[in-house]
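Have a look at the structure below, then the notes.
The values are calculated or read from the model by the stated rules, or taken from the named source; none is laboratory data. Computed from a predicted model, the values in this text were never measured in an experiment. In this analysis, Cβ positions are derived from the backbone assuming ideal geometry, glycine residues included, and neighbour counts consider all displayed protein chains. In case anyone asks, the SASA skips ligands and DNA or RNA and just uses the protein heavy atoms, side chains included. Shrake-Rupley method; radii C 1.70, N 1.55, O 1.52, S 1.80 Å.
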Amino acid sequence: MESHEHSLAQDLRAMLAVTTGRRQSMRWLMAGAASLPMFGCGGGSSGTAATVPATGAAGSGNTGNTGSGTGSSASCTVIPEETGGPYPADGSNSNASGVVNVLTQSGVVRQDIRSSFNGPTGVADGVRLTIKLHIVNANNSCGGASGFAVYLWHCDREGNYSLYSNGVTGQNYLRGVQEADANGDLSFTTIFPGCYAGRMPHVHFEVYPSLAKAASAANRAKTSQFTFPLATLNEAYATAGYSTSVRNLSQISYATDNVFSDGYSLQLAAISGNAVDGYVATLTVAVAA
């Protein structure tokens, strides 16, 4: 069996390096102490999303969520706050070499995040995935959040995080920043993330009020995660290179995941495409900023 470094003990140590004022990191630590096993980079959410008059209720478990997803619904319900986990590389924690922050590096503002940048040359392999996010502002009648920016990152096909995981500490792929257009839309080209032990597959992101403010994690307006329909996960992981993900996915569910177990309807991307031609994941993200 492949040795995977995302153990609870290691993640707890990594989480302790994160700024202690981060409420979600503390919630993760308390959840990990209360109910083992807990693995990976995630943390529990509050389970209660702030709302303006709108529709949309949180789902739970796997029931009814194995299809294409509901990423475009409930656009006026603020997406839940989640932990950024122990591998954000946004200047809020350290790796083995010290504080790590890609937000200040030349080249981080990019649409295609499959390759490393600013020196490193590694490229992440996997099924092609296009992520399309529609950012709306709940404090502005849920209109498109023009000029907002998103920093997005996720693990590679093997479940490793660049800059932190053994073997890829010298790479910074699968990380990037994009600015929303006049309609609040932005996109990333990436690969379908793997599933590592103890977490449902997911993508991390931080929303910033502007591209200029995206240079510092202190300016975050929202930190959250999103996931994918189970049918899509099973299809993607049937392709070459994802065999470890098949095993790990069989041992976890939305209902037992320490982030999505309290509801994930606002964090379930709508999916089109296929494993051969690539997928497109679409999600509306409402923030109050």
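So the values come out like this:
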| quantity | calculated |
| --- | --- |
| Filter pass, LEU163 being of a type outside the set (Lys, Arg), under 21 Å from ILE271 (Cα atoms) and at pLDDT 95 or above | no |
| Any pair with Cβ under 7 angstrom, 6 or more apart, that starts in segment 238-259 at a residue that is farther than 16 Å from ILE191 by Cβ and ends at one that is in a helix (DSSP H, G or I) and open to solvent by less than 20 Å² (accessible area, probe 1.4 Å) | LEU249/LEU233; TYR254/PHE260 |
| Residue list for segment 144-170, restricted to those being over 16 Å from the mean Cα position of the chain (by Cα), buried (at least 23 other Cβ atoms within 10 Å of the Cβ) and under 17 Å from ARG110 (Cα atoms) | PHE148 |
| Test for TYR196: is it farther than 17 Å from ALA281 by Cα, under 16 Å from the mean Cα position of the chain (by Cα) and open to solvent by less than 10 Å² (accessible area, probe 1.4 Å) | yes |
| Residue among ILE191, ILE271 that alone is of a type in the set (Val, Ile, Thr), in contact with a Gly (Cβ under 9 Å, 6 or more places away or on another chain) and open to solvent by less than 10 Å² (accessible area, probe 1.4 Å) | ILE191 |
| Residue match in segment 245-256 (condition: surrounded by 19 or more Cβ atoms within 10 Å (Cβ to Cβ) and basic (Lys, Arg)) | no |
| Given (1) open to solvent by 50 Å² or more (accessible area, probe 1.4 Å); (2) modelled with pLDDT of 95 or more; (3) not charged (D, E, K, R), index of the condition SER141 fails | (2) |
